[in-house]
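Have a look at the structure below, then the notes.
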Amino acid sequence: MIITPVIKGVVARSAHPLGCQQAVRNQINYVKSVAPIDNGPKKVLILGASSGFGLASRIALAFGGAQADTIGVSFERGPCEKGVGTAGWYNNIFFRQEAEKAGLIGKNVIGDAFSPQTRQQVIDYIRTEFDGKLDLVVYSLATGVRPDPETGEMWRSSIKAIGEPVTGPTINLETDTMEQMTIESALEHEIEATEKVMGGEDWASWIDILSEAGVLAEGCKTVAYSYIGAKSTYPIYHQGTLGRAKMHLHATSNTLNDKLAAIGGSAHVSVCKALVTKASVFIPAFSPYILALFKVMKDKGLHEGCIEQMQRLFSERLYGTEHTVPVDSQRLIRIDDWELSDDVQQEVASLMNQITHDNFAQIGDYHGYKSDFMQLNGFDLKGVDYQSDICIDSLQRLMP
Ligand code: NAI
Ligand code: NA
């Protein structure tokens, strides 16, 4: 079978296993080629490990100097009659294979991170195969739904504005067109539900459960990821429902930091750069900003992807030779510093003023945006033979 890309709106409905393997290898090669993570963690749990920042965290921590054993939790689907399965499914498999070749543990737990069963499975594994202790917990889940642990009813997040509705252009990856769209103003219960799904409550519950189980090592750290962005995007992100959820996440980091102080540990939020991931393409009206940002940062030689961001986070901020973690006045780690620098933002603002539905592909970095999206799903990678006949039976034999 020849696997071809299938895109619906901003969702990829197919994935190329060999491309996913190549993408994992490219990230491994990158972290091996740059300054290593000194004094890094040895036993790490990554929630949301199969793509985006979580996968990049896992690769950086295993191959970027720390040589960490990792447990990666994710919600992914393997091959079946309906299709080849998700990119994250293959990322997990090929990560584990590479980790094992390097003598490291790369345990994949495929399941719902919100369920008590998954939590128990992780704790059991830590006890039996992981020396009983974690040095770091990375919280990188991105999802639209979370069950209420009390009732089992689903909270659903909404990507909406708070206050006035916002109209702006967005990009359809299926048709390569820029379209006008309006983000409605959120109702109070939608703001609350988004906070429940993407705020810090579930992060805190994981840390509590792991702590009660006694599987956090002395000095254990935890980190979750956030976005703030430029003023021009505040109405859609920072001051909208997602931003509200992130405020909750930031507050949670302080509560967790106080708790972990008892074992000499810490909790941080790292504010990251805007990047193309499975999750971020859903944010309405955000794509023109990313097109302008990528163009400017690439011209200046400052562009980073998930893997560059995560290697910098662990080698220069969370670990390394300094004893303190550099943070801003809100106690946030800022690896969005290059994105938000004045000269980058001035050029981004002037470029965004010029972008129209006719010229976005020429004056913004649409090529880079689309190519990143394709690569998330294993397409458009150099060195992969996309004409090769992929045997579905052999894919089915690959175990997570
Ligand atoms: P992603 O979509 O690439 O990764 C999400 C991960 O969560 C996947 O591994 C997925 O399998 C897992 N997941 C989702 N629901 C699950 C469930 N119920 N059980 C187990 N696993 C589940 O997302 P991305 O973009 O890497 O986001 C991670 C974090 O980074 C989020 O907090 C996001 O807000 C933040 N962030 C993203 C930025 C961006 O531009 N993409 C910028 C700054 C922060
Ligand atoms: Na992730």
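None of the figures in this text is laboratory data; all of them are computed from the coordinates on show. Given the structure is predicted, the values throughout are model-derived calculations rather than measurements. When we count neighbours, we look across all protein chains shown, and the Cβ atoms used for this are built from the backbone with ideal geometry, even at glycine.
Remarks
- Phi to ³J(HN,Hα) by Karplus 6.51 cos²θ - 1.76 cosθ + 1.60 over region 189-201, Hz, x for Gly, Pro: 5, 6, 5, 5, 5, 5, 5, 5, 7, 10, x, x, 4
- Residues whose placed amide H lies under 5 Å from that of residue 38, excluding near-sequence neighbours: 320
- Coil-residue GluC sites (Glu not before Pro) of region 1-103, DSSP, other Cβ within 10 Å capped at 16: 81
- Each of 38, 358, 365 was scored by other Cβ atoms within 10 Å of its Cβ. Arranged with the fewest first, they read 358, 38, 365.
- In terms of its alpha-carbon gyration tensor, the chain comes out rounded; the largest-to-smallest axis ratio a/c stays below the 1.5 threshold.
- Aspartates and glutamates whose Cα lies under 15 Å from that of residue 382, excluding same-chain neighbours fewer than 8 positions away: 372
- Loop-located trypsin sites (Lys or Arg not before Pro) in region 42-106, at most 12 other Cβ atoms within 10 Å (DSSP): 82
- Computed FRET value (nearest 0.05) for residue 81 with residue 387, which takes r as the C-beta separation and R₀ as 25 Å: 0.55
- Taking all Cα pairs closer than 8 Å and separated by 6 or more residues, the relative contact order of the chain comes to 22 percent.
- Relative contact order of region 149-241, pairs being alpha-carbon contacts under 8 Å that are 6 or more residues apart, as %: 36 percent
- Zone of residue 129's modelled label, taken as backbone nitrogen in region 22-53 under 15 Å from a point 7 Å along Cα→Cβ: 43-46
- Gyration tensor (alpha-carbon) shape descriptor, region 1-140, a/c threshold 1.5: oblate
- Listed pairs 8/82; 298/370; 8/196; 43/107 exceeding 21 Å between Cα atoms: 8/196
- Annotation: extensible slack from residue 251 through residue 8 equals 83.9 nm (criterion: 0.36 nm per residue apart, minus Cα-Cα distance).
- DSSP bridge orientation in the chain - percent antiparallel, rounded to nearest 5: 30 percent
- Charge dipole of region 7-396 (Cα centre as origin; +1 on each Lys and Arg Cβ, -1 on each Asp and Glu Cβ, all else neutral): 560 debye, rounded to the nearest 20.
- A Gaussian network model of the chain, with springs between Cα atoms under 10 Å, assigns the largest mean-square fluctuation among 293, 136, 173 to 173.
- Two-decimal ratio, region 238-358, of alpha-carbon radius of gyration to 2.2 N^0.38 Å: 1.21
- The chain: calculated mean residue ellipticity at 222 nm from DSSP helix runs of at least 4, using -39500 (n - 2.57): -12000 deg cm²/dmol
- GluC sites (Glu not before Pro) within region 317-400, DSSP loop, no more than 13 other Cβ atoms inside 10 Å: 322
- In this structure, the amide hydrogen of residue 167, modeled 1.01 Å from its nitrogen in the peptide plane, lies closer than 5 angstrom to those of 183, counting only residues at least 5 positions away or on a different chain.
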